[in-house]
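Chemist: Have a look at this one.
The values are calculated or read from the model by the stated rules, or taken from the named source; none is laboratory data. Predicted, not measured: the structure shown is a model, and the values here were computed from it. Methodologically, a virtual Cβ is constructed for each residue, glycine included, from the backbone with ideal geometry; neighbour enumeration extends over all protein chains shown.
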Amino acid sequence: MRQLSLRLLAFALFMFPVAVFAQQPPISKTTSAPAQKPAGSTNIPSGKVVIIDTSRFSEGIDEYKKQVQKLEAEFAPRTKDLETKQKRYQELAQKLQSTGLTPDAAKKIQEEGESLEKELKRLSEDYQTDLQKKRETVLGPLSEKIYRFLQDYSGSRGIIVVFDIAQGQTASPILVHNPQANITDDFMKEYNKVNPVAAAPPSPAPNK
């Protein structure tokens, strides 16, 4: 059976769903809020230990969500182009496996597939590099802003340790926790209250 000299599984790297922009949470470190130590006390702080799910920030923090949507819109044409080219490659692979192909027809499909492989590899690498740079430029400063707000939020509430339970975090030290210790919803609500995002202008009415 004829096969393109390509690895189909490798082309999974060329698919970029919308979620790619939200895969990495803006805060990925455990933070200890500064605690004031009364005179004469020991060095052991007392306070609350809570958890937070930073993977929800891309949907629950309005500023972050807005920037993610901008990135999605900016990279949408390139994402669509990659998906179209991958679909074409898969079609070539299926054609090459069909019976009844003449040697000339099979050679033509093979050559087109190999050329498309090189193009997809180059476009994919450029896409990932550009996306990572853009994420760092756009989301990096915002992540730091959110982190500073978390420090202030924790300090004003007697919280001394915040553990991140974001999905995808490996080797999480949290085995059991009380749901009431999860501050994610309240933190996002307070952040949005202090950092409101202007609503998008309404779409113009269609011409009659």
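Chemist: State the number of residues belonging to segment 108-129 that are under 27 Å from the mean Cα position of the chain (by Cα) and among the aliphatic types (A, V, I, L, M). First the steps, then the outcome.
Modeler: Of all residues in segment 108-129, those under 27 Å from the mean Cα position of the chain (by Cα) come to 117-129.
Remaining after also requiring among the aliphatic types (A, V, I, L, M): 120, 123.
The qualifying residues number 2.
Chemist: So, one more: Out of (1) in contact with a Phe, Trp or Tyr (Cβ under 7 Å, 6 or more places away or on another chain); (2) in a helix (DSSP H, G or I); (3) under 30 Å from Phe163 (Cβ atoms); (4) touching a residue at least 60 places away in the same chain (Cβ under 8 Å), the odd one out for Glu72 is which?
Modeler: (4)
Chemist: Which one of Pro77, Pro38 is more than 16 Å from the chain's Cα centre (by Cα), at pLDDT 95 or above and surrounded by fewer than 17 Cβ atoms within 10 Å (Cβ to Cβ)?
Modeler: One residue alone meets the criteria, Pro77.
Table: residues versus (1) surrounded by fewer than 12 Cβ atoms within 10 Å (Cβ to Cβ); (2) farther than 24 Å from Asn195 by Cβ; (3) within 22 Å of the chain's Cα centre (by Cα).
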site	(1), (2), (3)
Leu131	no, yes, yes
Lys134	no, no, yes
Thr137	yes, no, yes
Phe149	no, no, yes
Tyr153	no, no, no
Ile159	no, no, no
Phe163	no, no, yes
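Chemist: For the condition at pLDDT 95 or above, out of contact with any Leu (no Cβ under 9 Å at 6 or more places or on another chain), at negative phi and loosely packed, with under 11 Cβ neighbours inside 10 Å, what is the one hit in Lys193, Lys145?
Modeler: Checking each option against the conditions leaves just Lys193.
Chemist: Would a scan of segment 82-90 turn up a residue that is modelled with pLDDT of 70 or more and either of a type in the set (Ser, Thr, Tyr) or under 22 Å from Leu142 (Cβ atoms) (or both)?
Modeler: yes
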